[in-house]
1. Give Gly115, Gly173, Gly182 a once-over and let me know the one that is closer than 16 Å to Ala23 by Cα and modelled with pLDDT of 75 or more.
2. So for region 219-232 (the condition being more than 13 Å from Gly73 (Cβ to Cβ), surrounded by 15 or more Cβ atoms within 10 Å (Cβ to Cβ), modelled with pLDDT of 85 or more and not β-branched (Val, Ile, Thr)), does at least one residue qualify?
3. Would you list the helices (runs of 4 or more DSSP H) that sit entirely within region 139-252 and hold 1 or more residues that are in contact with a Phe, Trp or Tyr (Cβ under 7 Å, 6 or more places away or on another chain), within 26 Å of Leu67 (Cβ to Cβ) and of a type in the set (Gly, Ala, Ser)?
4. What is the residue count in region 109-134 for residues that are within 19 Å of Leu39 (Cα to Cα) and crowded, with 22+ Cβ neighbours inside 10 Å?
5. Would you check which residues across region 71-85 are surrounded by 24 or more Cβ atoms within 10 Å (Cβ to Cβ) and at pLDDT 85 or above and list them?
6. Taking the residues in region 135-174 that are of a type in the set (Lys, Arg) and either in contact with a Leu (Cβ under 8 Å, 6 or more places away or on another chain) or touching a residue at least 60 places away in the same chain (Cβ under 8 Å) (or both) as candidates, determine which candidate is surrounded by the most Cβ atoms within 10 Å (Cβ to Cβ).
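The values are calculated or read from the model by the stated rules, or taken from the named source; none is laboratory data. Since the model is a prediction, treat every value here as computed from it, not as a measurement. Cβ: placed from backbone, ideal geometry, glycine included. Neighbour counts: every protein chain shown.
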Amino acid sequence: MNPAAVLLLYTALITVAALASAALPVLLPRLQDRAHFLLSFAAGVMLGAAFFHMLPEAVDGGGIEALPWALAGFVFLFSLERYVLIHWCKEDEACEVHGGHHHHLRATGLAALVGLSIHTLVDGFALGAAVAGGVGTSVFLAILFHKVPNSFSLASILVYGRYARRTVAAYVGLFVLMLPLGALLYFLLYGALDHGTFGARALAFSAGTFLHLAVSDLIPDLHRHRDHRLALSLTLVAGIALMWAVDHLAHS
């Protein structure tokens, strides 16, 4: 099978799996009653993906010099939320811009879309490079195992932010579309870039956006829930553990 056909097959399988996982919190409204557990799991997934997969791969591909790009990603998303997506105000404070707690979560959903889409674009670039290099299967499995929980996490955040189903579907579709777009980007830029350096820096940048989403948006929101503290903590750890298991499986 030629590389283009292999790449098409891999992107199609990942797309179907990601859309199926995103459908769960949309089609099962009861999950909204337990949405804070989904958000806790999503935060764990993002932390685990950043520390077990993205940052190690970035350092491995670009050396220690790639790490400052993680800080750049963190500051980028902070600036985007601060000046574009979110008008911050104190908890329970009346705010004509905000409109309340769920407006904050709606903006968090947009931030999650940005961070996850950057990561997916980089994944598509990596998949294109791996297929062209003849080692696409292992990278395909790694991306598949990451996209399923990432897609579930994004849909959970959007559902909890009270987005309409049609909007959730559009955002998830846009997020998933970044994978074939990234693969196409690789082939368009083939021969024009230092692939190792570019991919490493982009991956570190994406990791920075993940860290900002987890520690600045999702985890502080979980602190507002006074009940189920132990369960929420365990759910967070479960998300981290899942990413550790995925990374361990991908390298075994």
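1. Residue meeting the stated conditions: Gly173.
2. Yes, region 219-232 has at least one match.
3. Working: elements: 165-189, 195-212, 219-222, 229-250.
It comes to 165-189, 195-212, 229-250.
4. 7
5. Filtering region 71-85 for residues surrounded by 24 or more Cβ atoms within 10 Å (Cβ to Cβ) gives 73, 77.
Scanning region 71-85 gives a single hit, Gly73.
6. Of the residues in region 135-174, the ones of a type in the set (Lys, Arg) are 147, 162, 165-166.
Subsequent filtering for residues that are either in contact with a Leu (Cβ under 8 Å, 6 or more places away or on another chain) or touching a residue at least 60 places away in the same chain (Cβ under 8 Å) (or both) retains 147, 162, 165.
Numbers: Lys147: 25, Arg162: 13, Arg165: 12.
Ranking the candidates gives Lys147 first.
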